[in-house]
Amino acid sequence: MLGYCPLVYFWIAEYTDGSALPQFDPETGKENRFSEIDHQKLHRFGWYPFSPKLAQQILKAEKTVVTPTTNPSYAVTLEKGDRLVAHRTNSIKLCVRSGGVEYAETVYVLGIKGKPLKYLNENGEEVT
């Protein structure tokens, strides 16, 4: 059993100059960090489902299990001065008597600060 909930979405940051930074390199499967995003040049940001091929590359390169899905993609376009809101939430429940841990569903959050946010469940559906 995994000690974590596998991801079903990864992010891609697209810049005003036409370049992009994906969370996972599509050729190598290596992970880029969210902190590497250049927010000054950020034009578009989105959550995208994993393909089976990318999932295999990530497992090989990072030893991380992710789940390929046919979920829809979600993205926001940022205007000058907009601040991106993008993160994942996941709660865990410690079971003191049994000594176990239960993982809740991961929720993917996306939007622009000051505007309504999208909350996406692992099935790619918007939740409240």
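Restricting the search to the range 1-14, which residues are among the aromatic types (Phe, Trp, Tyr) and surrounded by fewer than 16 Cβ atoms within 10 Å (Cβ to Cβ)?
We begin by selecting, within the range 1-14, every residue among the aromatic types (Phe, Trp, Tyr); these are 4, 9-11.
Across the range 1-14, the qualifying residue is only Tyr4.
Yes/no matrix, rows are residues, columns are (1) under 18 Å from Pro6 (Cβ atoms); (2) in contact with a Pro (Cβ under 9 Å, 6 or more places away or on another chain):
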position	(1), (2)
His39	no, no
Phe50	yes, yes
Leu59	yes, no
Thr69	yes, yes
Thr77	no, no
Asp82	no, no
Val85	no, no
Lys118	no, no
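For the range 1-17, a residue qualifies if it is in a loop (DSSP other than H, G, I, E, B), touching an Asp or Glu at 6+ places or on another chain (Cβ under 9 Å) and either closer than 16 Å to Ala75 by Cα or of a type in the set (Ser, Thr, Tyr) (or both), and exactly one does: Val8.
Values quoted throughout were computed directly from the atomic coordinates according to the rules given, and no laboratory measurement underlies them. On a predicted model such as this, the values are computed, not experimentally measured, just so you know. For neighbour counting, all protein chains shown are included, and Cβ atoms are generated from backbone atoms with ideal geometry for every residue, glycine included.
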